[in-house]
Amino acid sequence: MKSFLAAFVTCLCLTAPALAQKATETATFDFVVAGLTAGTLTVAGTVDGKGYAVQGKLGSSGLVSFVKKISYQGTASGAYRDDRFRPASYREKADTGDRQSEVVMSFSRGVPVVETYKPPGKPRPHDISAADQAGAVDPLTAAFAVLKSVEPGQECNASYAMFDGRRASKISLSGRKVKGDRVTCAGEYRRVAGFPPHEMAKRTRFPFTLTYAPGEDGRMRVVEVATETTFGKAKMIRR
């Protein structure tokens, strides 16, 4: 589920495009896999003239919760300049049902610094260095940036490198298409480095489709993210 969140970004964080005024938005999405609700994601993001802050919470529900309890809680904050998000701090607590983890990162001049990664685990041949990830953002900030509410005509224009404390990946949007009052984008989540070799050999690219619709304020907001999985169609649907 954590990879699912990262692919759809791990995390959805919506906010206004301008920083002249403070703007806060809270959104709740249902994860629906093969027609069954598998979990719920709630995010609250704030942007003002000083920067941004976002919180995300994910929990399993429906039949999935009877089989395995899954949870994620994350926070991220930082600056916003030149239409780019620059994180300063990131915290995450996750439980996949098989493993619990905790991550704390800070950022120094755009370079992530891993303060805490629990459990630490043994060194692996495919490990990568945080010092080599300059310019990367945390997964929650990437979700905040890629899936924020935008002015009409500004959809599908984002690309961010990500680092979660161990793994490097990338998420991007392109291919803007208009149909009626809705806009769709071709999205892709891609594994880059730090993943076990068997995962890289199996699959590195995860395409998805993102859909915007007009909100009450006239801005375009994300209402659905969809992809194909081995279990059938999977979607995040905004309530």
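The values are calculated or read from the model by the stated rules, or taken from the named source; none is laboratory data. All figures in this text were calculated on a predicted structure; none of them were measured in a lab. Cβ coordinates were reconstructed from backbone atoms using ideal geometry, including for glycine residues, and neighbour counts include every protein chain displayed. Ligands, DNA and RNA are excluded from the accessible area calculation, which covers all protein heavy atoms including side chains. Shrake-Rupley method; radii C 1.70, N 1.55, O 1.52, S 1.80 Å.
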Worksheet item: From Arg190, Arg203, which residue is open to solvent by 70 Å² or more (accessible area, probe 1.4 Å) and under 26 Å from Pro112 (Cβ atoms)?
Response: Arg203
Practice prompt. Test Val64 against the stated conditions and say whether it is at pLDDT below 80 and either under 26 Å from Pro119 (Cβ atoms) or assigned to a strand (DSSP E or B) (or both).
Written response: yes
Worksheet, complete the sentence: (1) part of a strand (DSSP E or B); (2) closer than 26 Å to Ala213 by Cβ all hold for Thr141 apart from (1)
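Each row is one residue, and each column tells you yes or no for (1) polar (S, T, N, Q); (2) open to solvent by less than 90 Å² (accessible area, probe 1.4 Å); (3) in contact with a Cys (Cβ under 9 Å, 6 or more places away or on another chain); (4) not in a loop (DSSP other than H, G, I, E, B).
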position	(1), (2), (3), (4)
Thr75	yes, yes, no, yes
Ala79	no, yes, no, yes
Phe85	no, yes, no, yes
Arg91	no, no, no, yes
Gly97	no, yes, no, no
Met105	no, yes, no, yes
Tyr117	no, yes, no, yes
His126	no, yes, no, no
Worksheet item: Can you pull out the residues in region 131-167 that are surrounded by fewer than 20 Cβ atoms within 10 Å (Cβ to Cβ), touching a strand residue (DSSP E or B) at 6+ places or on another chain (Cβ under 6 Å) and closer than 12 Å to Ala193 by Cβ?
Response: Ala161
Worksheet entry | Verdict on Val137 being among the aliphatic types (A, V, I, L, M) and modelled with pLDDT under 95 | no
Item to complete: Identify all residues within region 206-238 that are farther than 22 Å from Thr26 by Cβ and either open to solvent by 60 Å² or more (accessible area, probe 1.4 Å) or of a type in the set (S, T, N, Q) (or both); write none if there are none.
Response: Pro207, Thr209, Thr227, Glu228, Thr229, Thr230, Phe231, Lys233
Practice prompt. Taking only region 177-187 into account, find how many residues are more than 27 Å from Pro87 (Cα to Cα) and open to solvent by 20 Å² or more (accessible area, probe 1.4 Å).
Written response: 7
Worksheet item: Which condition breaks for Phe195 when tested against (1) within 21 Å of Gln73 (Cα to Cα); (2) part of a loop (DSSP other than H, G, I, E, B); (3) touching a Lys or Arg at 6+ places or on another chain (Cβ under 8 Å)?
Response: (1)
Worksheet item: Which pairs do you get when a residue that is touching a residue at least 40 places away in the same chain (Cβ under 8 Å), found in region 194-209, comes within reach of a residue that is of a type in the set (Val, Ile, Thr), reach meaning Cβ atoms under 6 angstrom, with the pair 6+ apart or on two chains?
Response: Gly194/Ile128; Phe208/Val225; Phe208/Thr227
Practice prompt. Name every residue in region 33-57 that is over 16 Å from Lys93 (Cβ atoms), aliphatic (A, V, I, L, M) and either in contact with a Pro (Cβ under 6 Å, 6 or more places away or on another chain) or buried (at least 16 other Cβ atoms within 10 Å of the Cβ) (or both), in order of residue number.
Written response: Val33, Ala38, Ala44, Val47, Ala53
